[in-house]
Each structure stands twice: as structure tokens, then as C-alpha cells.
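Asks: My structure is below; once you've seen it, I'll send some questions.
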Amino acid sequence: MVKQEKKDVREGKNQGEVKHIDFRDQIAKNKTKSVFLLIFVFIVFIALGYVIALAFQLDVFALLIFSTFISIFYVWLTYAFSDRIALWSVGAKEADPSQYRALYNSVENMSLASGLPMPKAYIMQGDQINAFATGKNPKHSVICVTEGAIAKLNKQELEGVIGHEMSHIANYDIRFVTIVAVVVGAISIFSQIFLRSLWYGGGRSSNNDRGGGNIIFLVLALVLAILAPIIVKLVQLAISRKREYAADAGAVEFTRYPPGLINALKKIKQENEPLKVPDAVAPMFFSDTTKQRFTEIFQTHPSLDKRILVLEQM
């Protein structure tokens, strides 16, 4: 998609114009793609459980029902405390309105522009420019920014970043990403239990008791148990990147001023080191908290250059 966008930009410049991307279309497309990616993760989870059940001659439906029940409970527990866990993990504190007036003004302005309840404003240590949103729903939401963002961004740039986080809240990205993370974690745990059961002899029943079909299913289960966590992790990262594009488009919708967000991203490009945070909360942040790797598929966020390119066409 990005390659095509770059091609369109080059062609547009050759013709004296640049193709315009409507932010509403960008939001809708990325939401649709994210839902399909989530469905794919669930299919992998069901396929893994089904093959393992056949390999060990277990009751397939009983195993899937049990796995689903555990996953739902796990989702609820994680979702119920996700906001407190996220804030605690980065040492965030509620911002003093008198000390951080610019932050409160930006959050209030974006709340009015989006039509959402005003989130609580939190501040965390860090010289780098970054931010994240958390909470159960728009009525119980939090936006946390780094001290570096307050110090380095002007009014329009800060509102662009806050607008991005408000878009995450409006799109219920917090709930969506939490569910994806939990399902991905459940698949990893499920795979590890199966692999360890084989290693410690849990899968060693008499070969005479196994038909050729069961041996095939055992091999398939082994392959899936190894590959499934890797596949769904890549899908999780892809979902995270898609949601970032959608949130950027949402920020444009709220601020009606793309240069604010563009300039904030350009300032982040000039920083030497990314913000260091726990891996579990890294996908929630405004920009990537790890150094750019050789390929984007292992990143939680699209590259800054690609985000800027898309924004410049809005």
C-alpha cells in the first residue's frame, strides 16, 4: 500500500499535483483491515486447538470450550486492570493542572473537537517526545504524555499528538488492542504447554495406540505449536501498525491541521534514542519505542517517514 502511495506521489508531482487521501477513507480502511487480522488470529487459535485435540484423541469441542472460557476470563481480567497496569508500569503520575496548563488545554480542545468526555491527563518521565492513551472506554480514559513532549512541542504539534491519542480512544483501540494481546498471549501459552508436554513425556503414549492419522495430526500440531506464536505475533504487530495510520487520520479529523502532527513526527525523527518502556505497553505509545529494525514487519509502528508521507497527502 505504501509503495503504491509513494508511486502516486511521484506521479502526482510529475503532473504538477499530489494525490489527496481523505482521512475518513483512511480510518475506514484501517479499521476493516484490523478486524480481518483479528479474525485471522482467532482462526489460528481454533486451528491449533483442533489439531492438538485430534493428535491426542481428545474431545475437540470440550477442549475448545475450555480454552475459550479461559481466554474470556483472561481477557476480562486483563481488560479490567489494563489502565492501572499501564500507568504503573511507566511510573506515570496525574498531571497538576496549574503546572501543566498547556497539556490540559490541548486535552480539553481535542475533547471538544472529538465530542468525547475529557480524559484524565497524566505525565511520565522521559526527555523523548511520546504519549499513550489507556482506559476501559471513552468515559474512563487517560492520556499520558512525556515531559519531553511538553517541553519540545508547540501548541499545534501537541494538539496533533493529543488528537492522535483521542482517536485511539474514540475508535476503542484500547479495548481492541488489549483483546488482541490477550489472544496472542493465550496462543503462546497454549503452544508452550503442548510443546512441554511432548518434551517431558506427556505425548508419549504407545505407538500401537496411534493410527497413522493420529501421527499426522501430531506432526501438524507440533508444526502449528512452533509457528502459531510467531504468526500471530506478526499479525499483532500488523494490527498495531494499521491502528496507528487510522489514529493519525483521526488526529487530522479533530485538529483540521495536518502540519501540527507532521511537525511533531519530524521532531521525533531528530531524537537520538527512543523512549524505553516495558515491551507489554510499547504498542500503546504514539511512536515506536524501539530502534528501527531492518524490516517493518517486526515493528509496532509504521516508520515515521511513511506516516509523514500519508499525512502530507491529507
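Asks: Of Gly202, Gly213, which residue is assigned to a loop (DSSP other than H, G, I, E, B), at pLDDT below 90, of a type in the set (Gly, Ala, Ser) and over 30 Å from Lys93 (Cα atoms)?
Replies: Gly202
Asks: May I ask you to list the residues in region 251-263 that are aliphatic (A, V, I, L, M) and over 15 Å from Lys306 (Cβ atoms)?
Replies: Scanning region 251-263 gives Ala251, Val252.
Asks: Of the residues that sit in region 67-95 and are among the small types (Gly, Ala, Ser) and in a helix (DSSP H, G or I), which one is modelled with the highest pLDDT?
Replies: Only one residue tops the list, namely Ser89.
Asks: Of the conditions (1) in contact with a helix residue (DSSP H, G or I) (Cβ under 7 Å, 6 or more places away or on another chain); (2) over 14 Å from Ser106 (Cβ atoms); (3) crowded, with 19+ Cβ neighbours inside 10 Å, Gly148 fails just one. Which one is it?
Replies: Going through (1) in contact with a helix residue (DSSP H, G or I) (Cβ under 7 Å, 6 or more places away or on another chain); (2) over 14 Å from Ser106 (Cβ atoms); (3) crowded, with 19+ Cβ neighbours inside 10 Å one by one, Gly148 breaks only (1).
Asks: Can you tell me which residue among Ser98, Ser111, Ser106 is under 16 Å from Ala149 (Cα atoms), among the small types (Gly, Ala, Ser) and either free of Cβ contacts under 8 Å to residues at least 40 places away in the same chain or not in a loop (DSSP other than H, G, I, E, B) (or both)?
Replies: Ser106
Asks: Within the group Ile169, Ile129, Ile150, Ile143, which residue is within 22 Å of Ser240 (Cα to Cα) and in a helix (DSSP H, G or I)?
Replies: Ile169
Asks: Further question on the same structure: Which is closer than 25 Å to Ala170 by Cα, β-branched (Val, Ile, Thr) and out of contact with any Pro (no Cβ under 9 Å at 6 or more places or on another chain), of Val232, Val252, Val223, Val281?
Replies: Within the list Val232, Val252, Val223, Val281, the selection yields Val281.
Asks: Has region 254-275 got any residue that is buried (at least 21 other Cβ atoms within 10 Å of the Cβ), closer than 23 Å to Val90 by Cα and β-branched (Val, Ile, Thr)?
Replies: Scanning region 254-275 turns up at least one residue that is buried (at least 21 other Cβ atoms within 10 Å of the Cβ), closer than 23 Å to Val90 by Cα and β-branched (Val, Ile, Thr).
Asks: Working carefully through the options Tyr122, Tyr172, Tyr104, find the one that is crowded, with 17+ Cβ neighbours inside 10 Å and out of contact with any Ser or Thr (no Cβ under 8 Å at 6 or more places or on another chain).
Replies: Tyr122
The values are calculated or read from the model by the stated rules, or taken from the named source; none is laboratory data. All values derive from a computational prediction rather than experimental measurement. When we count neighbours, we look across all protein chains shown, and the Cβ atoms used for this are built from the backbone with ideal geometry, even at glycine.
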